[in-house]
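Handing you a structure now.
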Amino acid sequence: MTTEPHSLEEQFKAAMRQLATAVNIITTGRGADRCGLTASAVCSLTVTPPMVLICVNHFGEAHRAMLANGTFCVNVLNTEQRFLADMFAGRAGLASAERFTHAQWSELHSGAPALDDALVNIDCRIAERVQTSTHSVFFGAVEAIRFGRPHDPLLHFDHHYFSLATASIG
Ligand SMILES: Cc1cc2nc3c(=O)[nH]c(=O)nc-3n(C[C@H](O)[C@H](O)[C@H](O)COP(=O)(O)O)c2cc1C
């Protein structure tokens, strides 16, 4: 039997768990100052000019670093990179630049770390920020894009990771 959530906040969290999303690592900074977080709140905004938006919690290190650097890179993960999703969500006990030692990274235009084997890297300059109670919405002007090898995207739904292993249905 499914237990019904009571408060509107609980209902909202349960509702958001029904959104299947891609899993991304958002990075910023260089060398010892590199940092990043796992994020599903990444959305295409406009094509002309190419822009994305991301939502990042105020309290993490990456938020402060993004404000200071004015840049970020969205690295879209494949199913082999689930361990990186956990690592950059703080689940492996590693912080800051330590998280980058388990994969190969390079840089595109902004200098933010670009994961070498990502499905795609989307390198951005922060054009605008809107602050909410707990998160900032960063609008990123895309400055460079690099495609990786074709692979199954890593998906997230209802607290679990999934693979898009089935054929397209439409
Ligand atoms: C699948 C998944 C999606 C997430 N999406 C976001 C997101 O869009 N924005 C965000 O601020 N945190 C998101 N988080 C949480 C952050 O990854 C996590 O709080 C953060 O990395 C902790 O970083 P810290 O250890 O550097 O403080 C997500 C976590 C997971 C596992």
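Of the residues in the range 106-129, how many are open to solvent by 50 Å² or more (accessible area, probe 1.4 Å) and touching a residue at least 60 places away in the same chain (Cβ under 8 Å)?
Of the residues in that region, 3 qualify.
May I pose another question? All but one of (1) within 15 Å of the ligand (Cβ to nearest atom); (2) surrounded by fewer than 14 Cβ atoms within 10 Å (Cβ to Cβ); (3) in contact (Cβ under 8 Å) with a residue 24 or more places away in the chain hold for residue 49; which doesn't?
Only one criterion is unmet by residue 49, namely (1).
Hey, another quick one. Name the strands (runs of 3 or more DSSP E) wholly within the range 65-170 that hold at least 3 residues that are not charged (D, E, K, R)?
Qualifying strands (runs of 3 or more DSSP E): 71-76, 113-115, 120-131, 135-147, 154-157, 160-163.
Here is a further query. Pairs, please: C-beta under 7 Å, at least 6 apart or cross-chain, first residue within 11 Å of the ligand (Cβ to nearest atom) and in the range 87-105, second part of a loop (DSSP other than H, G, I, E, B) and open to solvent by less than 40 Å² (accessible area, probe 1.4 Å)?
99/88
State all residues of the range 17-33 that are surrounded by 21 or more Cβ atoms within 10 Å (Cβ to Cβ) and either within 9 Å of the ligand (Cβ to nearest atom) or assigned to a loop (DSSP other than H, G, I, E, B) (or both); if no residue qualifies, say none.
Passing the criteria: 23, 24, 25, 26, 29.
OK, next. Looking at the range 70-78, is at least one residue open to solvent by 40 Å² or more (accessible area, probe 1.4 Å) and at pLDDT 95 or above?
no
The values are calculated or read from the model by the stated rules, or taken from the named source; none is laboratory data. Source: prediction; values computed, not measured. Every residue, glycine among them, receives a Cβ derived from its backbone with ideal geometry; neighbour counts consider all protein chains shown. Side chains are part of the model used for accessible areas, which takes the heavy atoms of the whole protein and leaves out ligands, DNA and RNA. Shrake-Rupley method; radii C 1.70, N 1.55, O 1.52, S 1.80 Å.
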